[in-house]
Amino acid sequence: MADSSVRHDEPAGGRRRDFLELVAWSTFGVGTLAAIWPLIDSLNPSAAVLAVASTEVDLEPIEVGQRITVMWRGKPVFVSRRTEEEIQMAQSVPLEELRDPEPDEARVQNPEWLIVIGICTHLGCVPLGNRAGEPRGQWAGWFCPCHGSHYDTAGRIRKGPAPRNLDLPPYRFVSDTQVLIG
Amino acid sequence: MSTEMQKPPFKSGVLRWIDERLPVLTWAYNELVVYPAPRNLNYWWNFGSLAGIMLVVQIMTGVILVMFYTPHADLAFDSVEGYIMRDVNWGWLLRYIHANGASMFFALVYIHIFRGLYYGSYKKPRELLWILGVVILLLMMATAFMGYVLPWGNMSYWAATVITNLFSAIPLVGEPLVTWLWGGFTVDNPTLQRFFSLHYLLPFVIFAMVFLHLLALHQFGSNNPLGIDLSKKDKIPFHPYYTVKDVFGFCVFLLVYGYFVFYAPTAFISPTNFIPADPLQTPTHIVPEWYFLPFYAILRAITFDFLWIVPAKLGGVIAMFASIFVLFFLPWLDTSKVRSARFRPIYKWFFWLLVIDVLVLGWAGANPPEGWYLVAAQLGTLYYFLHFLVILPMLGKIERPLPLPTSLSDPVLRGTRSQPAS
Ligand code: HEM
Ligand code: FES
């Protein structure tokens, strides 16, 4: 900063020097920030990671009551062809019983097909229940063994530490038997 | 560092020529040879230099492992379990020295920390010395966590997933932050490669911090079992008295270290880590390395929302980080002026209670968070914070310390004046 002891010229010159100093420091500051941004942003997903964007799933071989796991962007996605009973259970729950209240209609495009990301919203484990013989938890959906989260047949959190329902991936039905995730 | 530097007694003119232009030899001579150390240090004072040796061992073995290790999600597991363990000359030895070295390093550092707690080494004027130590602990944790991910076994993968997901608990920025940490939408190759880069870098940052830690130590010199300030006549030169004591301690330590490397090399490695990483198969029971267990227990102890504003998940993360950050404030939380627990009849008991508490937390952390394990973790967490935030501040006010000796030559019985720590 301008030091009064060295400023022996008149006020006008002093002001010009203060101005130059201000310009120099602020250019330096903004420049540094601008230079740091590429360093930080380089750690975000690269173009190659973003390019692997969509996954196509053939629904034909999946039977009623069966669940399969497909990969989308490196994450497991659960595709569940729900039975009448499972749909019934998902639709009949009063919303005020839910931690993350969402009606079943908001979670499916077609009630027979539930498509959710198979990653526990607590700390990211893959819940059990998608393979035959695995525990499905108290609400017949999925059960996360890591810290004990229970999900229902709409993938909604019912008990345990997870804060949210299982996330929904973006998807659309290309035909009756084809779905495109992503 | 003492202000009056002693010149080393050089025999060689070359050394004198160098030292006049770059006084590193004078510095080393003053810090490592004539450095005046208290003459009453016991074996608990060995652990700092032992930890320093372990840092060097980790760096030496690590640099060589890197020459054979492949930091890629498709190749890492085979380069460790296949190439290093089977094909590289002595590769198995280097890896077991490095993998078990991490456990030994933490064991030594934890003992070193509890030594500081018992003898009040964090008190004035050594606050910054202590704080630098806590910084080193945090850096070690980050380094060990990222190193554990490198072999890319299934426990590596899921440990990385669970721990990085902790950051998703932060409101608003949590999710983008985690994507940024991963460089993708799950733990994957980009994550492995950045962890590799940082695992190589951080030990050298630790090295620099250790240097500052020693600089701060030599400013006032070591504390000692009595916790009193010592005069010159109660000190002896570091060399040969403590160099030989440290070397002896190192030999004993090598017996323990060698036992693990040669007779139980996989004792600390989870069997799940002999299976390659599988993003679809979460191990039924995710457990971190033993040295993280107490903190893991604290993380999982918070199963309830806190005051309606802090959800359980965020609460656990805050409690876990707070359990280490509270150590930064310890020099001011402990209000007693007397350093050594030898003269603090009540604190002595609370010290041992804290040791037991941390062991209980470790045991709870190794088990699933349900039933009695969860209750133990919750009570243990509560007590941990009570110790630092309530007991220590109050104890300094109500405890009556025993009379302190005034010097080593002056036995405790004769000294009746109680000397404050400052
Ligand atoms: C503070 C010091 C260090 C600690 C606490 C540490 C800790 C660890 C741990 C726990 C592992 C996993 C071992 C396993 O399960 O196989 C590991 C692996 C590894 N570390 Fe380190 N490390 C340190 C320093 C270094 C340095 C300085 C380098 C390189 C310059 C390095 C290179 C490696 C490599 C290449 C691996 C993978 C091979 C393997 O798994 O054995 N480490 N480290
Ligand atoms: S990760 Fe599923 S309950 Fe914690």
Legend entry - Accessible surface buried upon B-A contact (total; probe 1.4 Å; Å², nearest 100): 2200
Inset, instruction - Just name one of B:Phe385, B:Leu198, B:Thr406: the one whose Cα is farthest towards the positive end of the charge dipole of chain B (beta-carbon charges, Lys/Arg +1, Asp/Glu -1). - result: B:Thr406
Inset, instruction - With +1 on each Lys and Arg Cβ and -1 on each Asp and Glu Cβ, and nothing else charged, work out how big the dipole of the range B:220-288 is about its Cα centre, in Debye to the nearest 20. - result: 360
Inset, instruction - Using the 4.7 Å Cβ rule, please list in number order the cysteines from the protein assembly as shown without any candidate partner. - result: B:Cys251
Legend entry - Averaged over B:278-285, number of beta-carbon atoms from partner chains that fall within 10 Å: 5
Inset, instruction - Compute the relative contact order of the range B:287-397 as a whole-number percentage, counting only Cα pairs closer than 8 Å that sit 6 or more residues apart in sequence. - result: 39
Inset, instruction - Assign one of three labels to the protein assembly as shown, namely rounded, prolate or oblate, based on the Cα gyration tensor with a ≥ b ≥ c the square roots of its eigenvalues; rounded applies when a/c is under 1.5, prolate when it is not and a/b is larger than b/c, and oblate otherwise. - result: prolate
Legend entry - Heavy-atom accessible surface of chain A: percent carbon and sulfur, 1.4 Å: 59
Legend entry - FRET efficiency, 1/(1 + (r/R0)^6) with R0 22 Å, evaluated for B:Val205 and B:Trp90 via beta carbons: 0.20
Inset, instruction - In nm, give the distance between the simple-model label positions of B:Thr266 and B:Phe304, each being 7 Å from the Cα along the Cα-to-Cβ direction. - result: 4.3
Inset, instruction - Let me know the charge dipole size of the protein assembly as shown about its Cα centre in debye, to the nearest 20, where only the beta-carbon of Lys, Arg (+1) and Asp, Glu (-1) is charged. - result: 3260
Legend entry - Residues of the range A:138-176 with amide N under 17 Å of the 7 Å Cα→Cβ point at A:Glu56: A:171-176
Inset, instruction - Please arrange A:Trp139, B:Trp90, B:Trp372 by accessible surface area, largest first, computed with a 1.4 Å probe and ligands excluded. - result: B:Trp372, B:Trp90, A:Trp139
Legend entry - Computed E for B:Lys397/B:Asn42 - FRET, C-beta separation, R0 25 angstrom, nearest 0.05: 0.30
Legend entry - Sulfur and carbon atoms: percent of accessible area, chain B [1.4 Å]: 73
Inset, instruction - Quantify how strongly other chains surround peptide A:40-46 by giving the mean number of their Cβ atoms within 10 Å of each of its Cβ atoms. - result: 4
Legend entry - Protection proxy ranking of B:204-213, B:389-398 - average other beta-carbon atoms within 10 Å, highest first: B:204-213, B:389-398
Inset, instruction - Would you mind getting me the FRET efficiency between B:Glu175 and B:Met5? Use the beta-carbon distance for r and R0 = 51 Å, nearest 0.05. - result: 0.40
Legend entry - Accessible area in square angstrom per residue, chain B, 1.4 angstrom probe: 49
Inset, instruction - Specify whether the C-alpha gyration tensor of chain B places it in the rounded, prolate or oblate class, a ≥ b ≥ c being the square roots of the eigenvalues: rounded for a/c under 1.5, otherwise prolate if a/b is larger than b/c and oblate if not. - result: oblate
Legend entry - Shielded residues, the range B:152-195 - accessible-area loss of 50 Å² or more between chain alone and all protein chains, probe 1.4 Å: B:Trp180, B:Phe185, B:Thr186
Legend entry - Cut-off 19 Å, label 7 Å out along Cα→Cβ of A:Gln91, residues of the range A:47-79 by amide N: A:64-66
Legend entry - Ordering of A:85-91, A:30-36, B:43-49 by burial proxy (mean other Cβ atoms within 10 Å per residue, highest first): B:43-49, A:85-91, A:30-36
Legend entry - Farthest positive-ward along the range A:49-181 dipole, Cα basis, beta-carbon charges - from A:Gly118, A:Ser175, A:Pro61: A:Gly118
Legend entry - Spin-label proximity, B:Lys337 to the range B:210-239 - amide N less than 12 Å from point 7 Å beyond Cα toward beta carbon: none
Inset, instruction - Please sort B:352-361, A:113-122 by packing, taking for each peptide the average over its residues of neighbouring beta carbons within 10 angstrom, highest first. - result: A:113-122, B:352-361
Legend entry - Charge dipole magnitude, Cβ of K and R +1, D and E -1 - the range A:47-154, Cα centre, debye nearest 20: 540
Inset, instruction - Please give, to one decimal in nm, the separation of the simple spin-label points placed at A:Thr69 and B:Leu353, each 7 Å out from Cα toward the Cβ. - result: 4.6
Legend entry - Dipole of chain B, positive end: most advanced residue of B:Val317, B:Gly13, B:Phe250 [Cβ charges, Cα centre]: B:Gly13
Inset, instruction - Largest first and to the nearest Å, give the Cα extent of the range A:14-156 along each principal axis. - result: 83, 37, 29
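The values are calculated or read from the model by the stated rules, or taken from the named source; none is laboratory data. Since the model is a prediction, treat every value here as computed from it, not as a measurement. Neighbour counts are summed over all protein chains in view; Cβ atoms, including those assigned to glycine, are modelled from backbone coordinates with ideal geometry. These accessible areas exclude ligands, DNA and RNA; they are computed on the full protein's heavy atoms, side chains included. Shrake-Rupley method; radii C 1.70, N 1.55, O 1.52, S 1.80 Å.
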